[in-house]
1. When we measure straight from the Cα of residue 260, which aspartates and glutamates land under 13 angstrom away, once same-chain ones fewer than 8 places off are left out?
2. Enter the angle in degrees (range 0 to 90, nearest 10) between the Cα long axis of helix 71-83 and the first principal axis of the Cα atoms of the chain, meaning the one along which they spread out most.
3. Among 171, 31, 311, which one shows the highest mean-square fluctuation when the chain is modelled as a Gaussian network with alpha-carbon springs under 10 Å?
4. At a 10 angstrom cut-off on C-beta neighbours, averaged per residue, how do the peptides 263-272, 206-215 rank from highest to lowest?
5. How big is the range 182-255 in terms of Cα radius of gyration and Dmax, in angstroms?
6. To test your reading of the geometry: what angle, between 0 and 90 degrees and rounded to tens, separates the Cα axis of helix 157-223 from the longest principal axis of the chain?
7. For the chain, set up a Gaussian network in which alpha carbons nearer than 10 Å are linked by springs, and say which option among 132, 140, 88 fluctuates the most.
8. Sort the range 243-306 into rounded, prolate or oblate with this rule: let a ≥ b ≥ c be the square roots of the eigenvalues of the Cα gyration tensor; rounded if a/c is under 1.5, and if a/c is not under 1.5, prolate when a/b is larger than b/c, oblate otherwise.
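The values are calculated or read from the model by the stated rules, or taken from the named source; none is laboratory data. Predicted, not measured: the structure shown is a model, and the values here were computed from it. Backbone-built Cβ (ideal geometry, glycine too); neighbour counts: all protein chains shown. All accessible areas refer to the heavy atoms of the entire protein, side chains included, with ligands and DNA or RNA removed. Shrake-Rupley method; radii C 1.70, N 1.55, O 1.52, S 1.80 Å.
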Amino acid sequence: MSKKASIPSLGFYQNNTNLKWVVLVASVLISISSIYYTDILVDQLKVRERQQVQLYAKAIEYTANGDDTFGDVNFIAQEILFQNNSIPIIQVGDSGKVLSSRNVEVNESWSEKRKENYLNGELKLMAQTYEPIAVTLRDPQTGEVFGTQFIYYKNSFLLKQLIGYPYIQLSVIAVFGFISYLAFNYSKAAEQNRVWVGLAKETAHQLGTPISSLMAWVEVIRDDPDIKQKGMVEELEKDIQKLRIVTERFSSIGSIPILKKENVVSLINNVVTYLRPRVSSKINMEVFTLSENISANVHAPLFEWVIENLSKNAVDAMGNSGTIAIKILRGNEGKVFIDISDTGKGIPRSKIEHVFHPGFTTKLRGWGLGLTLAKRIIETYHDGKIFVKSSDETLGTTFRIVLDAA
Ligand SMILES: Nc1ncnc2c1ncn2[C@@H]1O[C@H](COP(=O)(O)OP(=O)(O)O)[C@@H](O)[C@H]1O
Ligand SMILES: [Mg+2]
């Protein structure tokens, strides 16, 4: 367990966030280029549609001005007029009166008034979209101009679709990407779960046999009249007891633990009593509560593990001396609050959101699993909450656990 051990996990953690950035930047680039490319197509199609409308206007001009000597031209002009099946067009006279329309969906069953209103509405829309194209009317004989008409138009359905297409396409891809991301995360979490559970169970299982055997040996030693230091046997028993607790923790995290109504205050006192002689005497550990009897449904070995982990982190954050204060409160909405405060070096603001991630550690010999485990125990097994309530360089850190009162 040299300092090397902690580096790969931290490295993996950072790579993972880098990868997210790469994917994000790539998707933004793809989206922008896709929109840009369709934009070019849309512009080309717009030019083409305007040319088509100009041709249409010319055809009207020919038909209106044409004399019979241009019979063929007339025929072609008619052809052009009928060819336009896609661009909505409204032909307007000198006075602004609608003369005819094409590809504007007017329902034949509507009243004249309604048709007129509808066409005028469409006309307004077209006037806002594009400059109209003028049709000059001349007397076929004298060539004298006697009127001007205007052809208003707007984008064809095809063009409209093309304009909207990249957005629809990108939203579909975004939704699909989001679902895949969730699925990927879910399967990753499920896989991690199996590793956790498997490893924990295996550890508990392997510890079982030597512990039973140790217990038997302690019995033998206790009964041996040659052993004078009976105190030694007691110490051995304490250590075996601790080993059993560790085994139970591992075995409980590997299965769905059964919760029982427990007095949280006494569980926390147990942990503090256990830790006090094991930390520097310059570190104070204090438990504050207004009531000695606050209960919640918990799995005692796992809950104690959480308190132990948080307290150990607090000790690490304080170095040589300081105070760990554990406050237990009964909230009014049937909640139990447990605040664990230290007077340590605090967590930088930018790191707070990462402390519960597996592998996040700032310690030379850390594994970055303590808080991950604590979160899992509190949130998955106890349906509670655990979070950094406050953290400050000078005042230290407070972690809060929220559980349902029993
Ligand atoms: N009470 C605290 N004060 C300051 N930093 C903390 C505290 N608790 C946790 N941390 C930060 O969160 C990190 C992750 O903690 P943890 O998951 O227990 O892993 P480890 O203790 O192995 O580093 C620590 O390395 C530390 O940087
Ligand atoms: Mg820790």
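1. Leaving aside aspartates and glutamates fewer than 8 places away in the same chain, those within reach of residue 260 are 404.
2. 20
3. Ranking 171, 31, 311 by mean-square fluctuation puts 171 first.
4. Peptide ranking by packing, descending: 263-272, 206-215.
5. My reading of the Cα-based Rg and Dmax gives 18.5, 66 Å.
6. 10
7. 140
8. The shape class here is oblate.
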